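What follows is a short report on a single structure.
The values are calculated or read from the model by the stated rules, or taken from the named source; none is laboratory data. Computed from a predicted model, the values in this text were never measured in an experiment. No Cβ is skipped: glycine too gets one built from the backbone with ideal geometry, and neighbour counts run over all protein chains shown. Note: areas computed on protein heavy atoms with side chains; ligands, DNA, RNA excluded. Shrake-Rupley method; radii C 1.70, N 1.55, O 1.52, S 1.80 Å.
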Amino acid sequence: MKEKKKIKKVLVLGLNNVGKKIVKILRNDRIKLAVVNKKISFKSVKKINPDLILSLGYRFIIPKDIFNFPALGSFNIHKSLLPINKGANPVFWTILKNTKAGISIHKITNKVDDGPIVMQKKVGYDLSYNARMLYEKLENEQVLLFLRFWKLVRKSKLKFKNFVKKKSSYYRKEDFLNILKKETNRQNMLRVINFLRASTFPPFENIRFKFGKDIYNIEINIKKISKSNNIKYGLLKSYL
């Protein structure tokens, strides 16, 4: 971005928890906003005429004519250290595959979570973290990273990073659902569950597990739920 261009209008596609906080930041800066959750057409984008597009939990693939429309570009915020754990449910795959955790802001292209990276931040976590704990920590860091991003965008000082190419991984929503179904139906998992149930007796720390230099106490918490035809995996959308 060589010429300094004043941002008058921002189009926000999708609106997750982080998105709501970012929208509040933009409104405090008196930026005109258009927030769209449903699938949007190029005709609508042209009518809105945004200087910048932000994808903040958008559930649809963004066509090339749309992400190329804004003069200042279109950007997405993702809960992983791209290029690892692209796609759906990055927090789940981060923990399952024991990869580094972090957040990335990248330019949107025609490939999912594959555009040039503007900013990244590694976020620490350990064996004591479950998915919700890591998810919430990453959400907080996303807002802080966005504030840095927004400051640079407004000053027309945004630069893309030259990252060394790393091993890439990509997961779909179907991969998440399939592995949940597969792993929770296995007999050996029931053996592990019963072992942890039998060993969980607070305040005693019966199961101690050494991971690296740290030692953890492992217990299990199981909640019985009522059957429902409407909800297959609890509040699944909040975990995407």
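Here are some notes:
- Tallying residues that are closer than 17 Å to GLY102 by Cβ and at pLDDT 90 or above within region 131-163 yields 18.
- Cross-chain or 6+ apart pairs with Cβ under 6 Å, region 25-50 first and under 15 Å from GLY14 (Cα atoms), then open to solvent by 70 Å² or more (accessible area, probe 1.4 Å): LYS39/PHE60
- Restricting attention to region 162-196, the residues that are open to solvent by 80 Å² or more (accessible area, probe 1.4 Å), charged (D, E, K, R) and either over 20 Å from the mean Cα position of the chain (by Cα) or over 24 Å from ILE84 (Cα atoms) (or both) total 5.
- Checklist (1) under 22 Å from ASP126 (Cβ atoms); (2) modelled with pLDDT of 90 or more applied to GLY212, failing item: (2)
- Selection within region 125-161 - surrounded by fewer than 17 Cβ atoms within 10 Å (Cβ to Cβ) and of a type in the set (S, T, N, Q): SER128, ASN130, ASN140, SER156
- Residue within region 22-38 that is closer than 23 Å to ASP175 by Cα and either aromatic (Phe, Trp, Tyr) or part of a loop (DSSP other than H, G, I, E, B) (or both) present: no
- In region 206-219, the residues that are closer than 18 Å to ASN130 by Cβ and either surrounded by 13 or more Cβ atoms within 10 Å (Cβ to Cβ) or out of contact with any strand residue (DSSP E or B) (no Cβ under 7 Å at 6 or more places or on another chain) (or both): ILE207, PHE211, ASP214, TYR216, ASN217, ILE218, GLU219
- Test: ASN85 is out of contact with any Lys or Arg (no Cβ under 7 Å at 6 or more places or on another chain) and open to solvent by 60 Å² or more (accessible area, probe 1.4 Å): no
- Residue list for region 34-48, filter: more than 22 Å from the chain's Cα centre (by Cα) and surrounded by 14 or more Cβ atoms within 10 Å (Cβ to Cβ): SER44, VAL45, ILE48
Table: residues versus (1) closer than 17 Å to ASP114 by Cα; (2) part of a helix (DSSP H, G or I).
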position: LYS43; (1), (2): no, yes
position: LYS47; (1), (2): no, yes
position: LEU72; (1), (2): no, no
position: ASN76; (1), (2): yes, no
position: PHE92; (1), (2): no, yes
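- Taking the numbered list (1) within 18 Å of LEU158 (Cβ to Cβ); (2) at pLDDT 95 or above; (3) open to solvent by less than 20 Å² (accessible area, probe 1.4 Å); (4) outside any strand (DSSP E or B) in turn, ILE7 passes all entries but (2).
- Every residue from region 101-124 that is more than 20 Å from LEU11 (Cα to Cα), open to solvent by 60 Å² or more (accessible area, probe 1.4 Å) and modelled with pLDDT of 95 or more: LYS121, LYS122
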